[in-house]
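Take a look at the structure below.
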Amino acid sequence: MTTTLKIVSAETPIAVFSKLSDALCLEAQRAVQERNAFFCALSGGTTPEPLYKDLARRPDFPWQKTQVFIVDERCVPEDDPRSNFGMLQEALVATGALQREQLHCVNATLPKAAAQYERLLRERLPDGRLDAILLGMGSDGHTASLFPNSVGLNAADRWVVANEGPTVVPPARITMTAPFINTARWVGALVVGESKRAMLRKIFTGTIAASDAPIRLIAPESGLAYYIDAPADPRPC
Ligand code: 6PG
């Protein structure tokens with residue numbers, strides 16, 4: 001998997017969020033200008049919530065023309081504190097940026113959740129791809145819910161799969177696959193904090209296999225833009 005890695009760094013998480021907020025807003029404005037709509041997928045986890053709340057307040061973000069999907073979901077009810085949908089609903093719907101029907105949930109507790117979510121994506125995406133995807137990264141090199149050496153990595157022709165196993169941090173997950181993520185027009189990864197530095201060093205020096213650091217499977221045509229703060233930056237000062 002080869003792709004262009006772009007690094008956008010800033011001293012603090014707040015400064016990184018500001019740069020990433022501008023980049024996402026630019027992608028949204030470009031998509032609306034070219035296709036009259038913006039289709040994006042956002043990740044969960046703890047890092048991005050302040051970014052989403054900042055985006056929700058931006059008067060220059062075309063929220064009325066935006067549809068938000070979820071990169072991955074934990075197999076828990078929507079009102080469970082671990083639910084990514086719950087966090088995104090709080091950040092984007094409760095704040096008034098999106099109407100509820102513009103945020104697409106995964107129904108992750110259903111038996112065939114992955115197949116149902118893939119059907120939704122195939123129905124809703126006009127040209128079978130997203131305009132933008134925002135990823136995170138765990139200190140183990142996972143992204144979305146694509147964990148090291150997990151069954152979710154072997155899903156060549158699928159857009160969405162279920163994933164669980166010894167390396168998958170419980171609960172079981174539903175996740176977009178790397179091949180589908182790679183079709184997006186723009187892909188960014190928000191990675192902040194000292195705990196991520198060691199893994200970023202291995203990724204940027206190419207000294208870890210993609211199966212051991214699944215974010216290395218992310219190789220979109222437009223490249224992968226890492227948004228990192230100083231504590232996570234593995235480059236020599
Ligand atoms: C999830 C996310 C996951 C997340 C990373 C980083 O459902 O947890 O989609 O891929 O982005 O685990 O999480 P933090 O931002 O909490 O470090």
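Just so you know, all these numbers are worked out from the coordinates, no wet-lab data involved. Predicted, not measured: the structure shown is a model, and the values here were computed from it. Counting neighbours? That spans all protein chains shown, and the Cβs are built from the backbone with ideal geometry, glycine included.
In the set (1) away from the ligand (no atom under 16 Å from the Cβ); (2) at positive phi, S222 fails one condition alone, (2). When the residues of the stretch 126-147 are filtered to those that are more than 12 Å from the ligand (Cβ to nearest atom) and not hydrophobic (A, V, I, L, M, F, W, C), the one that is farthest from S211 (Cα to Cα) is P126.
One residue stands out among those in the stretch 53-74 that are among the aliphatic types (A, V, I, L, M) and in contact with a Cys (Cβ under 8 Å, 6 or more places away or on another chain): the one that is farthest from A184 (Cα to Cα), which is L55.
Within the stretch 20-48, track down each residue that is assigned to a helix (DSSP H, G or I), among the aliphatic types (A, V, I, L, M) and away from the ligand (no atom under 16 Å from the Cβ). If the condition is that a residue be assigned to a helix (DSSP H, G or I), among the aliphatic types (A, V, I, L, M) and away from the ligand (no atom under 16 Å from the Cβ), then A23, L26, A28, A31, V32 are the ones that fit. Hey, could you check the stretch 69-86 for residues that are touching a residue at least 12 places away in the same chain (Cβ under 8 Å) and surrounded by fewer than 20 Cβ atoms within 10 Å (Cβ to Cβ) and say which is farthest from the chain's Cα centre (by Cα)? That would be P77. When the stretch 86-124 is filtered for residues that are under 20 Å from D54 (Cβ atoms) and either in contact with a strand residue (DSSP E or B) (Cβ under 7 Å, 6 or more places away or on another chain) or assigned to a strand (DSSP E or B) (or both), the ones remaining, listed by number, are L88, Q89, L92, V93, L98, Q102, L103.
Residues in the stretch 49-68 that are within 12 Å of the ligand (Cβ to nearest atom) and either in a strand (DSSP E or B) or free of Cβ contacts under 8 Å to residues at least 40 places away in the same chain (or both): P50 only.
Take the residues in the stretch 185-227 that are within 14 Å of the chain's Cα centre (by Cα) and hydroxyl-bearing (S, T, Y); name whichever of them is farthest from L5 (Cα to Cα). The qualifying residue farthest from L5 (Cα to Cα) is Y227.
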